[in-house]
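The values are calculated or read from the model by the stated rules, or taken from the named source; none is laboratory data. The model shown is predicted, which means the values in this text are computed figures rather than measured ones. Cβ placement follows ideal geometry from the backbone for every residue including glycine, while neighbour counts extend to all protein chains displayed.
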Amino acid sequence: MIILQPSARVKRETGINFDVFETLLTNMLEFNHKKNLNISVIIHKSKVRGTSFCTPVSIKDYRIELDTTKPNKRYIFGSLLHEIRHCIQNNLFNFWNDDILKTWKAYYFSKEEIDARKMERLTTQFIKYYDSFMKMEEQFKDLKLSKIS
């Protein structure tokens, strides 16, 4: 299971229901990797404007500094998917590049960044998945299906 622990500020600034986000993300990744994941991610607002990044604390614990300067869902979801892919690279594939990449070109064309950008390609579909779930949750409440009436 992937556990996301966003700060109150990140929750407020993004408006994301992180319980739903982590459930959908866990389902998608565990199903496709055919493995149970055990990852815990603390999410804080990035102090570097325009930059999100991930830092491993241990093989299963990570800290994401999320850039929230662009308050649109596509940018936030894409950034989260990208950074969580770095967690997967370390946790599942035991790959973490500690080398300092000296140029933008070396960074951009590094194996881990190319791989993380591939995860970003799921952003549109993931947003549809998330929005559909949120709409269904709202309809479930409207129909009062949590009890027999």
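Quick look at the values:
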{"read-out": "Wholly enclosed strands (runs of 3 or more DSSP E) of region 1-85 bearing at least 2 residues loosely packed, with under 14 Cβ neighbours inside 10 Å and among the charged types (D, E, K, R)", "value": "none"}
{"read-out": "Residues satisfying the stated conditions in region 109-124, i.e. of a type in the set (A, V, I, L, M, F, W, C) and assigned to a helix (DSSP H, G or I)", "value": "I114, A116, M119"}
{"read-out": "Odd one out for L92 among (1) in a helix (DSSP H, G or I); (2) of a type outside the set (K, R); (3) surrounded by fewer than 16 Cβ atoms within 10 Å (Cβ to Cβ); (4) modelled with pLDDT of 95 or more", "value": "(4)"}
{"read-out": "Meets criteria (within 23 Å of D19 (Cα to Cα), surrounded by 12 or more Cβ atoms within 10 Å (Cβ to Cβ) and not acidic (D, E)) for K135", "value": "no"}
{"read-out": "Residues being among the charged types (D, E, K, R) and over 13 Å from the mean Cα position of the chain (by Cα) - total across region 12-30", "value": "3"}
{"read-out": "Meets criteria (of a type in the set (F, W, Y) and either over 19 Å from R9 (Cα atoms) or at pLDDT 95 or above (or both)) for F53", "value": "no"}
{"read-out": "Checklist (1) in contact with a Lys or Arg (Cβ under 7 Å, 6 or more places away or on another chain); (2) hydrophobic (A, V, I, L, M, F, W, C); (3) farther than 20 Å from L25 by Cβ applied to L66, failing item", "value": "(3)"}
{"read-out": "Pair list, Cβ under 7 Å, 6 or more apart: region 124-149 residue under 30 Å from H82 (Cβ atoms), other residue among the aromatic types (F, W, Y) and surrounded by 12 or more Cβ atoms within 10 Å (Cβ to Cβ)", "value": "F126/F77; I127/F77; Y130/F21"}
{"read-out": "Residue pairs meeting the criteria (Cβ under 8 Å; at least 6 apart or on separate chains; first under 18 Å from M1 (Cβ atoms), in region 78-93; second of a type in the set (K, R))", "value": "R85/K118; N91/K60; L92/K35"}
{"read-out": "Subset of region 20-36 (residues that are closer than 20 Å to G78 by Cβ and either touching a strand residue (DSSP E or B) at 6+ places or on another chain (Cβ under 9 Å) or among the polar types (S, T, N, Q) (or both))", "value": "F21, E22, T23, L25, T26, N27, L29, N32"}
